Amino acid sequence: MTQRESSGDHRETQDPVTVFRQAATLHSQGKLSEAEELYRALLINHPDHFEALHYLGVLCRLQGKFREAASLIGKALSQKPEWAEAHFSLGVVYFLMVRYSDALVHYGKALAIRPNFPEAYNMRGIALQALHREEEAIAQFRQAIALRPDYAESYGNIGSSLQELGRIDEARQAFEKAIELAPKRPRFYRQLGECRRIAAESPWLAAMEEMGRDLAKLSEDDRIELHFALGKAYDDLGDPERSFHHLHEGNAIRRRQITYDEPATLKIFDDIRATYTPALMREKSGSGHPSSLPIFILGMPRSGSTLVEQILASHPKVYGAGERADFHEAVATIEGRNPPTIPAVVPTLTGDQLQRLGALYVSRMSADAPQAERITDKMPGNFVHAGLIHLALPNARIIHTRRDPVDTCFSCFARLFTQSKWYTYDLGELGRYYRGYQQLMEHWRRILPEGAMLEVQYEDVVADLEGQARRIVAFCGLEWDDACLAFHRTQRAIRTASAPQVRQPIYHSSVGRWRAYAHLLWPLLAALGFG
């Protein structure tokens, strides 16, 4: 008998309270794999132990196993339905699963049980942010601060909401307050740096450099935040070597944290090209929903999509909905699976299903702006769905935004994304992903009908704003409006990394930005085929 088997047998004879306490101690010490083993051993003989179910669910959430986490915490709540902490935990899991409305339900239940629960108010605000309800989100963050006046996290979140609403000066003040309350939290410095330039004499730069002298004191996540904050600061100061050093270190730590299956990701691109043949497009065409309401703006992140959406959203007949997961979720609803089996499901979709898919999507989008003649959906990753979008919504406009490949990729590398863009943390992987995206877009050019997709080059918009804006507006079937040229004055929430930039008039400094870093980008250049 092995030592592990012997210790396992011994645990089975121990009192469950003792085993749970041991697991909880390991959990609190950060020994997560050992804690998980004890939780699972305890549940073999005591499957209804609600505390073990809950905290194992929390561990699964940390590992990215969201479905198992939701199942475990749900079982815990079936044993103890009035447990505020478990409702809060399930809300966090649902938020990470992009089930924001479900998350709100459980945050609400947590607060009904425990009204003085500032973390639940804070997370409720974050879920409302994700649903584009920024003013309501700010109110929730202020509730959290009322309960805990030194709640720096909520001040930072208020700053994010204000930044999205275009209230940049107020956002800066909120970030500065967060720094005042928590001067050792690098995240707030990164957020502040994203909405203002950092000067050499800045006390914030001095504070970041001081933290950087003893990285061992910081958690992994804080080290990532600090590296990205310093990367941006040194870029502001025109110091590409130091900037790149920190961007590289921050990305490397983040890459070690996540699981990214590059072959599987690139195979999806291959599968999409193999699935969407000219024959399939002919067979499935003519069955979709006739609405001309949607405008899909898609492409790589950091390719100018936010600028194009802001130009269109400045038109009085257009509602800018931002980055929405509604199309993906509509496919999941029609197929009855979440996540849906795209692209495998596409050949099986009937004409009726394609019509219902388009109708469901239009219904979801129009709920936010029932009077709008056009609604933009700026989810960049919808580029993988371009063929299905056309089949389900043949009169929808598809705008593909493009930018210099190296500028696009380097801008992704220099930005700390918060969700799902796992390919951005390694220059080689980033370049290979870009190549896969390029090949897929070339496929769409070949098989989509002429005029179904407009391609907009970021550099062309910068060089000739009016000419390109008129071209974009005309493609969307709208009459020209001069407000589209004053896009930076349009008041609307913008929930992307480019939010501060599109509050400014058009500028040229992002064109060719990568060239100052060219000698440091050889893995990216090689992966893109430039080496």
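The values are calculated or read from the model by the stated rules, or taken from the named source; none is laboratory data. As the structure is a prediction and not an experimental result, all values here were calculated from the model. No Cβ is skipped: glycine too gets one built from the backbone with ideal geometry, and neighbour counts run over all protein chains shown.
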Tell me, which residue of the stretch 27-76 that is surrounded by fewer than 19 Cβ atoms within 10 Å (Cβ to Cβ) and of a type in the set (Ser, Thr, Tyr) is modelled with the highest pLDDT?
71
Test of understanding: among 359, 332, which residue is in contact with a Pro (Cβ under 6 Å, 6 or more places away or on another chain) and either at pLDDT 95 or above or under 18 Å from residue 296 (Cβ atoms) (or both)?
332
Those residues of the stretch 456-482 which are within 26 Å of residue 281 (Cα to Cα) and either in contact with a helix residue (DSSP H, G or I) (Cβ under 8 Å, 6 or more places away or on another chain) or among the aromatic types (Phe, Trp, Tyr) (or both) amount to 456, 472, 475, 476
With the condition kept exactly as written, say whether any residue in the stretch 382-399 is out of contact with any Ser or Thr (no Cβ under 8 Å at 6 or more places or on another chain), closer than 16 Å to residue 513 by Cβ and in the same structural domain as residue 292 (by TED's automatic domain parsing).
no
So, residue 231, is that one in contact with a Ser or Thr (Cβ under 8 Å, 6 or more places away or on another chain) and either of a type outside the set (Val, Ile, Thr) or more than 22 Å from residue 421 (Cβ to Cβ) (or both) or not?
yes
Can you tell me which residue among 476, 484 is surrounded by 17 or more Cβ atoms within 10 Å (Cβ to Cβ) and modelled with pLDDT of 95 or more?
476
Given (1) surrounded by fewer than 20 Cβ atoms within 10 Å (Cβ to Cβ); (2) closer than 22 Å to residue 168 by Cβ; (3) aromatic (Phe, Trp, Tyr), where does residue 189 come up short, assuming only one miss?
(1)
Exactly one of 411, 420 is within 21 Å of the chain's Cα centre (by Cα) and on the phi > 0 side of the Ramachandran plot, and that one is 420
Out of all the residues in the stretch 327-356, which are assigned to a loop (DSSP other than H, G, I, E, B) and either within 24 Å of residue 96 (Cα to Cα) or touching a strand residue (DSSP E or B) at 6+ places or on another chain (Cβ under 8 Å) (or both)?
336, 337, 338, 339, 340, 341, 342, 343
Residue in the stretch 193-211 that is modelled with the highest pLDDT, counting only those that are closer than 21 Å to residue 488 by Cβ and assigned to a helix (DSSP H, G or I):
193
Total residues in the stretch 226-277, condition within 23 Å of residue 175 (Cβ to Cβ), modelled with pLDDT of 95 or more and among the basic types (Lys, Arg)
2
Residues of the stretch 139-153 that turn out to be surrounded by 20 or more Cβ atoms within 10 Å (Cβ to Cβ) and either outside any helix (DSSP H, G or I) or among the basic types (Lys, Arg) (or both), as a count:
1
Filter the stretch 237-257 down to the residues that are within 22 Å of the chain's Cα centre (by Cα) and either among the polar types (S, T, N, Q) or in the same structural domain as residue 417 (by TED's automatic domain parsing) (or both) and list them by number.
251, 257
Considering only the stretch 409-445, state which residues are polar (S, T, N, Q), surrounded by fewer than 19 Cβ atoms within 10 Å (Cβ to Cβ) and under 18 Å from residue 257 (Cβ atoms).
418, 419, 420
Looking at the structure I just gave you, is residue 324 assigned to a loop (DSSP other than H, G, I, E, B), among the basic types (Lys, Arg), on the phi > 0 side of the Ramachandran plot and at pLDDT below 95?
no
How about the stretch 77-96: which of its residues are under 19 Å from residue 130 (Cβ atoms) and either crowded, with 17+ Cβ neighbours inside 10 Å or more than 26 Å from the chain's Cα centre (by Cα) (or both)?
87, 88, 89, 90, 91, 92, 93, 94, 95
Of everything in the stretch 357-383, what is touching a residue at least 60 places away in the same chain (Cβ under 8 Å) and assigned to a helix (DSSP H, G or I)? Give them in sequence order.
357, 358, 359, 361, 362, 365, 366, 380, 381, 382, 383
Does residue 106 count as surrounded by 24 or more Cβ atoms within 10 Å (Cβ to Cβ) and touching a Lys or Arg at 6+ places or on another chain (Cβ under 7 Å)?
no
Which of the following residues is among the charged types (D, E, K, R), assigned by TED's automatic domain parsing to the domain that holds residue 449 and over 22 Å from the mean Cα position of the chain (by Cα): 329, 335?
335
Looking only at helices (runs of 4 or more DSSP H) that fall completely inside the stretch 421-496, which ones have 1 or more residues that are hydroxyl-bearing (Ser, Thr, Tyr)?
427-447, 458-463
Please identify the pairs in which a residue from the stretch 504-520 that is within 18 Å of residue 196 (Cβ to Cβ) and surrounded by 11 or more Cβ atoms within 10 Å (Cβ to Cβ) has its Cβ atom under 8 Å from the Cβ atom of a residue that is modelled with pLDDT under 85 and among the polar types (S, T, N, Q), counting only partners at least 6 apart or on another chain.
510/501
For the stretch 487-510: of the residues being of a type in the set (S, T, N, Q) and under 30 Å from residue 126 (Cβ atoms), which is modelled with the highest pLDDT?
510
If you go through the stretch 261-275 one residue at a time, do you hit one that is touching a residue at least 40 places away in the same chain (Cβ under 8 Å) and outside any helix (DSSP H, G or I)?
no
Tell me which of these residue 288 doesn't satisfy, since it passes every other one: (1) closer than 18 Å to residue 393 by Cβ; (2) assigned to a helix (DSSP H, G or I); (3) not acidic (Asp, Glu).
(2)
Residue 264, sole failed condition from (1) among the small types (Gly, Ala, Ser); (2) within 22 Å of the chain's Cα centre (by Cα); (3) surrounded by 13 or more Cβ atoms within 10 Å (Cβ to Cβ)
(3)
